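Report on the following structure.
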């Protein structure tokens, strides 16, 4: 590993402007983490034009990254105090966090969550620091066949293991794939679905779509959902957890960090999935599972460590091979494109300042978050009282101005608003825009890589299986598809009591919780 | 200032309206007396994303024009369709010097070979003001392919794959011609621009690729990829050891060059003002250093010479493509 580049990264981060951007990023992240509704992907969408206009692209990316992992801290606060998950990734924290708050141990829950978050994130950054360059060194072995397989896996995973209804997610993903075909075909320059419009010839701009679906869509949806109900947060006392609490929580923090790190790297994974998996794991290893839901400290420590670890480790696929693992990473992908950097294997060599600058900013950002998250709880809770009727027009205005500045195109504003309305209707009918956006990004990559592969293979598709990396990915895809089918067949053969497997109820629970 | 401007505009409109039947087009907005140009901000659409050579050149020229003429010349990125979107915008802009653009030769000379009739951008919709610079293509081979010269290609035992920077680009044409003239079985693999094509080449995913010199030079100098040929009329200053295709007995000459355009019908004095300011910019040390740094060869010829060159290239490319039965529009 190139230690010099790594250390130079710290030089980049400790420049006053970058420190400031990092601070602003994590503060905004924590703030929107507190606000139920506005998620990190939406906020990054709204603030994306800042990347375009910043003097130094590195600063902008540092800030946007800060929003993502900062949101993981903020989301906990409302989960514990108000029983409202501020973020999708803090849904499971509600169960035990709020129970603890009712017992007057809100401070303990928040303290453990902050410590767990910091630990999980730090473990993950160290993993990223050590593993990132190794993955990047193999990245040149990633040719078109590998990209095609990886993109397919990403679309499949995001649609099947994400939160919410699988069928609806698959539908959304398919629409995303279809949208990706619009524009001039880059192999034959034939026009597809352009309706003779010169504007559509270069395809629908991904940034504009994402800003519409996440940004405008969320704003519209929130406007309807939150009628300014007064929130009465629980009182906080004694933030520092006792030694007994810490002893009880530390194995959970360790397990959560581990689970989070690995689930974050997977395409389609990320903070939400990691927190769910960590909660399930804690429940399974606990001696007395019945404590969960009634204020088990592990039920807060595990998921909170996991979602931070995952938020960090999902930078690995983006920064090393240029594949966004989840919707928020897709926004960061867009931000990199906006500043003229193509994320991919060349990044670590061509822009070490950016690669290491962003990674090292996370060490510092998490330290800031640990120090700030507890004292600022009171202030953040007050912000919840800002009425959406005031917040929404401001964010809408920022979004519209922002999208115009990217391409100086009025056409883009209308495209964004159209997708905003689509996003709103999707949320209303229970479709998540996440799979659609990710499928849209990965769709063109999947198609062009597949066609490139077929040209390289001279028309023989067996090459996908015989190349080691793409072969392994394909095997994994088969596993992902086959596993539920096998399970289903197995279940049909062995009659179990229908109440023991609450499969259907999971979905509705999560959907209600997820913004 | 703003008030003064709008008063002027009102006055101009009034004059135009009064003299109704026209013939006084040159008194419109952008200013007619060369001493007056520019009378407001001049937009410079560029048909490429920020950071690429087209964008960098536009920005350098924009800076030069602002220094020489005063006023501001904001560059606006309008990427897509190999520059056709930006071109369309310039073509339909007011012909008064308020919209000008540095455009690529490939859009006019090569892209027509790849796209359907109604998508062709014609140079007749523009006035060409001044040539700018040339950006050469280079054929490079991956380390793993074992190719060290163009002659090795002819002796290839299996189909050779070549990465291109997209359909209808000079890179695709240069590579396609090389392999066809040489009668080597080959397959074009189009990528979205130079960077991904280079990455694939570095990873031995493709055997060869045609790239712009600026995109490839770092890795050539680092010895990670092997240059086989350049496609200009003479060797490239930045790669003195790499022979031209002509030297190696291949009748292939393809180059990318850029030039300043304004909408058809822009007054001559405005064109002259722009050309003079550009020539003054070319003389500055800053601009010369910029060319050096980006591996650009100056091609500071007059607008008429550019048009003549474009016509000649377009015809030559069309003939070559026909002779060797190459279909640029159908890479698969």
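Since every read-out is calculated from the coordinates, none of them should be taken as a lab result. In this text, all values refer to a predicted model and were calculated from it rather than measured experimentally. No Cβ is skipped: glycine too gets one built from the backbone with ideal geometry, and neighbour counts run over all protein chains shown.
Taking only C-alpha pairs under 8 Å that are 6+ residues apart, what is the relative contact order of the range B:136-254 in percent? Mind dumping the intermediate values first?
Details: 243 pairs, mean separation 44.0, N = 119.
Rounded, it is 37 percent for the range B:136-254.
For A:30, A:488, A:44, what's the fewest-to-most ordering of other Cβ within 10 Å of each Cβ?
Values: A:30 28, A:488 10, A:44 33.
So the ranking, lowest neighbour count to highest, is A:488, A:30, A:44.
Among DSSP bridges having both ends in the protein assembly as shown, what percentage is antiparallel? Round to the nearest 5.
Approximately 70 percent, going by the DSSP bridge assignments.
Provide the FRET efficiency to the nearest 0.05 for the residue A:288-residue A:475 pair, computing r from the beta carbons and using R0 = 30 Å. Display every interim value, and only then the final one.
Numbers: r = 39 Å, r/R0 = 1.30.
The formula returns an efficiency of 0.15 here.
Tell me the label-point distance for the pair residue A:178, residue A:10, using the 7 Å Cα-to-Cβ offset, in nm and rounded to one decimal.
Calculated label separation equals 5.3 nm.
Per residue of the protein assembly as shown, what 222 nm ellipticity follows from adding -39500 (n - 2.57) for every DSSP H run with n ≥ 4, rounded to the nearest 500?
Working: 36 runs with 501 residues, N = 847.
Helix contribution divided over all residues of the protein assembly as shown: -19000 deg cm²/dmol.
Express in nm, to one decimal, how much length is gained between residue A:367 and residue A:130 on full extension, taking 0.36 nm for each residue of separation and deducting their alpha carbon distance.
Working: separation 237, 0.36 × 237 = 85.32 nm, distance 1.96 nm.
Stretched fully, the residue A:367-residue A:130 segment lengthens by 83.4 nm.
Want the number for residue B:72 to residue B:237: 0.36 nm per residue separation, take away the alpha-carbon distance, what's left?
Numbers: separation 165, 0.36 × 165 = 59.40 nm, distance 3.34 nm.
Length difference between fully extended and current span is 56.1 nm.
To the nearest 10 degrees, how steeply does helix A:410-428 sit against the main Cα axis of chain A, on a 0 to 90 scale?
50 degrees
What order do you get for A:51-64, B:310-323, A:71-84 when each peptide is scored by the mean count of other beta carbon atoms within 10 Å, highest first? Working shown, then result.
Values: A:51-64: 22.1, B:310-323: 15.0, A:71-84: 29.1.
In descending order of packing, they fall as A:71-84, A:51-64, B:310-323.
Hey, with R₀ at 25 Å, roughly what FRET efficiency would residue A:465 and residue B:192 work out to, going by the Cβ-Cβ distance, to 0.05?
Details: r = 26 Å, r/R0 = 1.05.
FRET efficiency, residue A:465 to residue B:192: 0.45.
In percent, how large is the relative contact order of chain B, given Cα pairs closer than 8 Å and 6 or more residues apart? Spell out each step's value before the answer.
Values: 656 pairs, mean separation 79.8, N = 332.
Relative CO of chain B lands at 24 percent.
By how many degrees, between 0 and 90 and to the nearest 10, does the Cα long axis of helix B:303-323 differ from the longest principal axis of chain B?
Compared with the principal axis, the helix lies near 30 degrees.
At a threshold of 8 angstrom on Cα-Cα distance, excluding pairs fewer than six apart, so keeping six or more, what relative contact order does chain A reach in percent? Could the numbers behind the result be given before it?
Working: 969 pairs, mean separation 144.2, N = 515.
It comes to 28 percent, rounded to a whole number.
How far is it, in nm, from the label point at residue A:244 to the one at residue B:118 when both lie 7 Å from their Cα along the line to the Cβ?
Here the modelled spin labels are 8.0 nm apart.
Could you state the angle between the C-alpha long axis of helix A:271-285 and the longest principal axis of the C-alpha atoms of chain A, as a value from 0 to 90 degrees rounded to the nearest 10?
Orientation of helix A:271-285: about 50 degrees from the principal axis.
Full extension from residue A:198 to residue A:401: what is 0.36 nm times the residue separation minus their Cα-Cα distance, to one decimal in nm?
Working: separation 203, 0.36 × 203 = 73.08 nm, distance 2.30 nm.
So the extension gain works out to 70.8 nm.
Sticking with the crude label model, points 7 Å out along Cα→Cβ, report the distance from residue A:349 to residue B:280 in nm, one decimal please.
Rounded to a tenth, the inter-label distance reads 4.4 nm.
Find the eigenvalues of the gyration tensor of the Cα atoms of the range A:3-513, then list the square roots of 5 times those eigenvalues as equivalent ellipsoid semi-axes, largest first, in whole angstrom. Before the final figure, lay out the partial values.
Values: eigenvalues 229, 146, 116 Å².
Working through the eigenvalues yields semi-axes of 34, 27, 24 Å.
Considering just Cα atoms, how many Å³ per residue does the convex hull of the range B:136-254 enclose? Provide the component values of the computation, followed by the final result.
Values: hull volume 10.1 nm³, N = 119.
Normalising the Cα hull of the range B:136-254 by residue number yields 85 Å³.
Distance between the C-alpha centers of the range B:89-111 and the range A:319-356? Whole Å please.
Comparing the Cα centres of the range B:89-111 and the range A:319-356, I get a distance of 32 Å.
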